[in-house]
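To start, the structure itself, in structure tokens.
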Amino acid sequence: MSAEATEKKAPVIKFLAGNEACMEGALAAGCRFFAGYPISPSSEIAEKMSGRLPKLGGKFIQMEDEIASMGAIIGASLAGAKSMTATSGPGFSLMQENIGYAMMAEVPCVVVNVMRGGPSTGNPTGPSQSDVMQCRWGTHGDHPAIVLSPNSIREAFDTTVQCFNFAEQFRTCVVLAMDEIVAHMREKIVIPAKEDIKIVNRKKPNLKPGDPYKPYEADASLIPPMMNFGEGFRYHVTGLDHDATGFPSGAPDNQEILHRRLVDKVEMHKDELFLFENHRTEDAEVLVVAYGSTSRSAKRAVEEARAQGIKAGLFRPITLFPIPEKQIALAASHAKKVVVPEMNLGQYRLEVERILGPAVPVVGVHRVNGEPIAPSLILSAIVGG
Amino acid sequence: MSMDYFQYLRKERMPHIWCPGCGHGTIMKSILRALDKLKWAKDDVVVVSGIGCSSRTPGYLDFNTLHTTHGRALSFAQGVKVANPNLKVIVISGDGDAMAIGGNHFIHACRRNMDITLIVFNNNIYGMTGGQASPTTFTGSKGTTAPYGAIEQPFDVCNMAQASGATYVARALDIDAVAMDRVILSALQNKGFSVVDAWSQCTTYFGRQNKWGDASEMMDRYKEMTYNVRLAEKMSPEEKAGKYPVGMLFQTSRPEWCEEYGKLIERVSK
């Protein structure tokens, strides 16, 4: 394995697993700090990072647990490094408090959650999509959420780059929700040339030495520009409610402004966040909404349904949150039925039902036995009454 | 000539939240006197804390300051240090923050030996939440969650630090500002992970519950509970029994994490 894949001027062809492609994407996006703790089925990301980062002058540290891993990447990001950690269900649960801190203190960072069966220790090596709502609502309090979910090896690379770009652009913690199948399956991948990968870096305030700096003063974008520690603008960072200066403030007006801005800064830009795929949805009378590895079974089922003369289509959200609500509604505009297959008991299905309302029946295809959802199961739901 | 503390303080953040009689301000001033001697550029200093009364200190200090989650200050601090080893990182934590919820981070930070100084403002109680027993509450002492007196043995912060691999370990009482200044300065100068167990009386929540009196009476009691480590050799085991040594207790030299990682980068990036 060469150290220079991310520096290549020409595309590089490789045969990678999702966890490896995720790591390549992180390095290509400029990630130079990784803190982590071993947990199946995400450990390969940490293992590969420990080998690759020092070759690029980056830093890898194995922490004592996932709580510390999350703290470390926040600290590293404040010191200027693009940072990430990778974990799975139980570790993701442990990270939640500090994920909320990153959102509250607006520190860019990326968390990869390779979903396995839960709750608790659950099924450490089996696939699952049962952390979808934890990705959205895992930490306490109202908060923004940006969550991406790839369904292929190339997309694991691309979405990881996107996660870093969104984290830097929006000054928040972004989650990559990969399921175990995508994390461990291998496919051919063409890693694009460096110049063809769009990289976003955190916006810096336009300040001269000695100028006053308010770290949480935002312009109309609602996203405050960010100085790193050590760059000559000393400021305070806290998880407490704070005002534009960064210092604690319990004043009701300040709290209201802060909490609304944290949510609105993502909400008002959400059209820039929506990544999705429409497959034969133009005239779809049966719409399947599926993401991650399940969407690959769903696409096959849609093709088989079409072969039987059923006008089926697939809408695949790559951005799970914020939810591409209008896009789902548009894809369902001719639908007489909507099928939502998930390796959980219906977490995203409830969102689809909320978006489409009672006029369209929504059918769930749910499996929580550690097995992928086969196309035949989805096809039965498409065909069945 | 007395030094100008306000060059290091955020005057607009005053008054501080600490109660009359609390020792935290005394320790904060010792830190500032040590930093004044070191002449580190303020832009290069990062002060990190967790949650609790002591952890409000960074907010008053004119450096890069990071007030994190309960118990996790060391994990944030290590991220800062690894990402930019040129920054001077100081962590301020309370006894509950460092030794209970942050206990695992404490022992692993000692083991890694990064060039970070941890100052534990140890008042043997959870002050901010109203006086609950902490991991350094003395056996028999009362807390609001130990109304009949604590039945558990307290952690000795310094023994824990030394056993876990810290390369500079000291204890000082807030009543002895000269000794406090000396050990904090040495801790900051040590190239590795340093721990100072800085005793601070909580008059409001420890003193009142335990009828230990006001601040000066509590400070006198701390003196009775401790002995100067430099006199240890001349003292009998009976004289030392049940007492805590104060002063510089342990110092050693071993590879510092960031330097070792720097060497690793050089070795593998060729």
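Bear in mind these aren't lab numbers, they're just calculated from the coordinates by the rules spelled out. Because the structure is predicted, anything quoted here is derived from the model rather than measured. Note: ideal-geometry Cβ built from the backbone for every residue, glycine included; neighbour counts use all protein chains shown.
Take each residue in B:106-117, count the other chain C-beta atoms within 10 Å of its C-beta, and the mean is 1. With the largest listed first and rounded to whole Å, the semi-axes of the equivalent ellipsoid of the stretch A:9-196 from the Cα gyration tensor are 22, 19, 15. Relative contact order of chain A, taken over Cα pairs closer than 8 Å and 6 or more residues apart, is 16 percent. Between residue B:223 and residue A:330, the modelled label-to-label distance comes to 7.9 nm, taking each label 7 Å out from Cα in the direction of the beta carbon.
Residue separation of residue A:251 and residue A:300 scaled by 0.36 nm, minus their Cα-Cα distance, works out to 12.1 nm of gained length.
Within a 10 angstrom radius of the beta carbon, how do A:137, B:18 rank from fewest other beta carbons to most?
A:137, B:18
Please state, to two decimals, what the Cα-based radius of gyration of the protein assembly as shown comes to when divided by 2.2 N^0.38 Å (N = residues).
After normalising by residue count via 2.2 N^0.38 Å, the value is 1.06.
Each Cα pair under 8 Å and six or more residues apart adds its separation to the average, and for the stretch A:276-383 the resulting relative contact order is 32 percent.
Across the alpha-carbon set of chain A, the Rg to Rh ratio works out to 0.98, Rh being the Kirkwood radius.
Taking amide H as placed 1.01 Å from N in the peptide plane, residue A:109 has its amide H under 5 Å from the amide H of A:172, A:173, A:174, each at least 5 places away in sequence or on another chain. With all projection directions averaged, the alpha carbon convex hull of chain B covers 15.2 nm².
Helices in chain A, meaning DSSP H runs of at least 4 residues, each add -39500 (n - 2.57). Divided by all residues, the mean residue ellipticity at 222 nm is -11000 deg cm²/dmol.
So which lysines can residue B:240 reach, going by Cα to Cα under 16 Å and dropping same-chain residues fewer than 8 places off? Hits, sequence-local ones excluded: B:223. Taking 7 Å steps out from each Cα toward its Cβ at residue A:359 and residue A:207 produces label points 5.1 nm apart.
Taking every DSSP beta bridge that has both ends in the protein assembly as shown, the antiparallel portion is near 25%. Legend: residue pairs B:211/B:234; A:55/B:81; B:29/B:142; A:299/A:326; B:191/B:263; B:142/B:234, Cα-Cα distance threshold 23 Å; pairs beyond threshold, B:211/B:234; B:29/B:142; B:142/B:234. Averaged over the residues of B:4-14, the number of partner chain Cβ atoms lying within 10 Å of the residue Cβ comes to 1. Classified by the C-alpha gyration tensor, the stretch B:38-110 has an oblate form. Its axis ratio a/c, with a ≥ b ≥ c, is 1.5 or above, and a/b does not exceed b/c. Take the Cα of residue B:148, step 7 Å toward its Cβ, do the same at residue A:142, and the gap between the two points is 4.7 nm. Per residue, the convex hull spanned by the Cα atoms of the stretch A:276-383 measures out at 82 cubic angstrom. Taking B:85, B:255, B:15 in turn, the Gaussian network model of chain B (Cα-Cα springs below 10 Å) assigns the largest fluctuation to B:15. Applying 1/(1 + (r/R0)^6) with R0 = 35 Å to the Cβ-Cβ distance of residue B:177 and residue B:269 gives a FRET efficiency near 0.15. Here the peptides A:223-234, A:115-126 are ranked by packing, the mean other Cβ count within 10 Å, and the order with the highest first is A:223-234, A:115-126. Based on DSSP H segments of at least four residues, each scored -39500 (n - 2.57), chain B has a per-residue ellipticity at 222 nm of -9500 deg cm²/dmol. According to the calculation over all Cα-Cα pairs in the stretch B:81-150, the P(r) per 10 Å bin from zero is 20, 41, 24, 12, 3 %.
Cross-linked pairs A:311/A:336; A:82/A:198; A:59/B:42; A:194/B:270; A:82/A:214: Cα-Cα separations exceed 18 Å for A:59/B:42; A:194/B:270; A:82/A:214. Before anything else, pin down the relative contact order of chain B: Cα pairs under 8 Å, at least 6 apart, normalised by residue count, whole percent. So the answer I get is 18 percent.
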